[in-house]
Ligand code: FAD
């Protein structure tokens, strides 16, 4: 970075921060419109990422309240819920994206196509890394008064070998690669030089992960193969094609109501999609997937020859979140940046840094509350909690007997059951209080973290956009560098509360809906309802028009089955 001529970066010729990097200070010069000049003295709001959380924030921020700079390696917003449909040509890739510059225009902000790599909290500088067209990396600092981290998450490899042989489904590029791979396999299967065995391998499609993304992809793939490809590839016989879903839990879609999981499994079984439950992928090789299943108490390794493998088994934290977590006090979560209920990153100076969406989790210490509750019960029974040795059911029974006297007891007990259920804890062994506490703390993360969904990211973005505008309104006349935030968040706005509006999923010309207790599943009508919901949620009028055209094109001419 020392060698980069500052003028080339068009930055304010100032260097600084711990690494003495150029500082991109847009507050000096670089103004071409009145609205930008107006922002000159406004607090600098830097937003990392252009996903669901950041876009919702930008749409809810009052224009002119902040001097906004958005940093992201992607200059478009991707409407992820419909991404599986783009992998099979039902929808065009361009129908799912919206240029972020149009959205940022609303708040007269800047956009930098680059990645944030680190944050210096004491100097309030984000370190940004940008790769030029020759592949050289240039780093610089971006100063902020308020920083919002909305960088999402990355695919979780779960320590499995051979993931370089897999496809993923997270970005628009992933969708393009999948479509090309599926179609190329079909083309290759038709060549006269391809043996029967090789043809069956090329036409064997494996999906690792039975969550919503894996299931929706398998359903879309099944539709493509049945509705379009079999007609266009007459050399291929239906029973040569196979689709397999490998799921580690006992059901696919295990975060949905059980009846819906069963409905989806029934539908797949009728369609001949092979659902393998309680199966763990061990290794993905170029031409096969190895997985284990327990049979008669023994773990057996099995394999499926395959020409295509999708890895879709959950998410883990992005590199920048790991870097930030490691330098902040009070960050104990290995999966996401922990925030308080005002979405402020724990350990960072109060009110400076927020995190939203998949990269974050709200710390609410469920295990801590349950432990306190059990401790009180043990004392009530006249025993020193450190010396009590009980089985899980005995702990639960004691708590149940005294629950009338504790206002929160029922919810603690429900959560305790859910913690143990989630982790298939063996209920028969005895645990002393210390062991119980440790176990609960270990498994707490999963229970307390909010779902990694667009719904949550969107709600947090809306919340933060509105709150930041309130904060700006509470600071009239203050210049950027004169702000003493104190605990303004608490003073001007209520804490964030997630409201689950329900989950839905597409399964092969049918759809399922889980509106927190109220469930619904069905065929074509449900599928049209599913489409209408996402159509209404789509990001702009332009994308809505394009979606409608794609569906019409598909109905009239079939899916796009070209690979390039
Ligand atoms: P993202 O939307 O992932 O955005 C992260 C942004 O940060 C991106 O712009 C990225 O380029 C940028 N970024 C990454 N690293 C950096 C960096 N170092 N510096 C700066 N920027 C960075 N959720 C639902 O609720 N319903 C669904 O039906 C649904 N379907 C899905 C289907 C698929 C195929 C996928 C992949 C996800 C689906 N999800 C769904 C989940 C949903 O997409 C995510 O929960 C949501 O995108 C999270 O939003 P976010 O803003 O946290 O992150």
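The values are calculated or read from the model by the stated rules, or taken from the named source; none is laboratory data. Computed from a prediction, not measured in an experiment: that's the story for all the values here. Backbone-built Cβ (ideal geometry, glycine too); neighbour counts: all protein chains shown.
For region 339-361, the tally of residues that are under 18 Å from residue 459 (Cβ atoms) and more than 15 Å from the ligand (Cβ to nearest atom) stands at 4. The set of residues in region 142-157 being buried (at least 19 other Cβ atoms within 10 Å of the Cβ) and either within 14 Å of the ligand (Cβ to nearest atom) or at pLDDT below 90 (or both) consists of 142, 144, 147, 148, 149, 150, 151, 152, 153. Among the candidates 94, 101, the residue that is within 16 Å of the ligand (Cβ to nearest atom), out of contact with any helix residue (DSSP H, G or I) (no Cβ under 6 Å at 6 or more places or on another chain), assigned by TED's automatic domain parsing to the domain that holds residue 56 and farther than 19 Å from residue 22 by Cβ is uniquely 101. Somewhere in region 341-363, is a residue within 30 Å of residue 196 (Cα to Cα) and either part of a loop (DSSP other than H, G, I, E, B) or without any contact (Cβ under 8 Å) to a residue 24 or more places away in the chain (or both)? No - not one qualifying residue is present in region 341-363. Test residue 557 against the stated conditions and say whether it is away from the ligand (no atom under 16 Å from the Cβ) and crowded, with 18+ Cβ neighbours inside 10 Å. No: the conditions fail for residue 557.
The rows are residues; the columns are (1) at pLDDT below 80; (2) part of a loop (DSSP other than H, G, I, E, B); (3) surrounded by 18 or more Cβ atoms within 10 Å (Cβ to Cβ); (4) more than 21 Å from the chain's Cα centre (by Cα).
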{"site": "495", "(1), (2), (3), (4)": "no, yes, no, yes"}
{"site": "509", "(1), (2), (3), (4)": "yes, yes, no, yes"}
{"site": "521", "(1), (2), (3), (4)": "yes, no, yes, yes"}
{"site": "528", "(1), (2), (3), (4)": "no, no, no, yes"}
{"site": "532", "(1), (2), (3), (4)": "no, no, no, yes"}
{"site": "552", "(1), (2), (3), (4)": "no, no, no, yes"}
{"site": "562", "(1), (2), (3), (4)": "no, yes, no, yes"}
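Residues that are within 15 Å of the ligand (Cβ to nearest atom), assigned by TED's automatic domain parsing to the domain that holds residue 68 and not in a strand (DSSP E or B): does region 115-132 have at least one? Checking region 115-132: not a single residue is within 15 Å of the ligand (Cβ to nearest atom), assigned by TED's automatic domain parsing to the domain that holds residue 68 and not in a strand (DSSP E or B).
Residue-wise test of (1) out of contact with any helix residue (DSSP H, G or I) (no Cβ under 7 Å at 6 or more places or on another chain); (2) free of Cβ contacts under 8 Å to residues at least 60 places away in the same chain.
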residue: 247; (1), (2): yes, yes
residue: 260; (1), (2): yes, no
residue: 277; (1), (2): yes, no
residue: 282; (1), (2): yes, no
residue: 300; (1), (2): yes, yes
residue: 309; (1), (2): no, no
residue: 314; (1), (2): yes, no
residue: 320; (1), (2): yes, no
residue: 324; (1), (2): yes, no
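Looking at region 232-241, which of its residues are touching a residue at least 24 places away in the same chain (Cβ under 8 Å) and surrounded by fewer than 16 Cβ atoms within 10 Å (Cβ to Cβ)?
232, 235, 240
In the set (1) in contact (Cβ under 8 Å) with a residue 40 or more places away in the chain; (2) within 20 Å of the chain's Cα centre (by Cα), residue 189 fails one condition alone, (2).
For residue 135, the conditions (1) surrounded by fewer than 21 Cβ atoms within 10 Å (Cβ to Cβ); (2) in contact with a helix residue (DSSP H, G or I) (Cβ under 8 Å, 6 or more places away or on another chain); (3) modelled with pLDDT under 95 are fulfilled apart from (2). If you check 41, 32 for being surrounded by fewer than 15 Cβ atoms within 10 Å (Cβ to Cβ), modelled with pLDDT under 70 and away from the ligand (no atom under 16 Å from the Cβ), only one passes: 32. If you go through region 341-372 and keep only what is closer than 26 Å to residue 44 by Cβ and at pLDDT below 90, you end up with 341, 350, 351, 362. Taking strands (runs of 3 or more DSSP E) as the structural unit, those lying wholly within region 284-325 and holding at least 2 residues that are away from the ligand (no atom under 14 Å from the Cβ) and over 18 Å from the mean Cα position of the chain (by Cα) correspond to 288-295, 298-305, 308-311.
Filtering 137, 171 for residues that are touching a strand residue (DSSP E or B) at 6+ places or on another chain (Cβ under 8 Å) and within 12 Å of the ligand (Cβ to nearest atom) leaves a single hit, 171.
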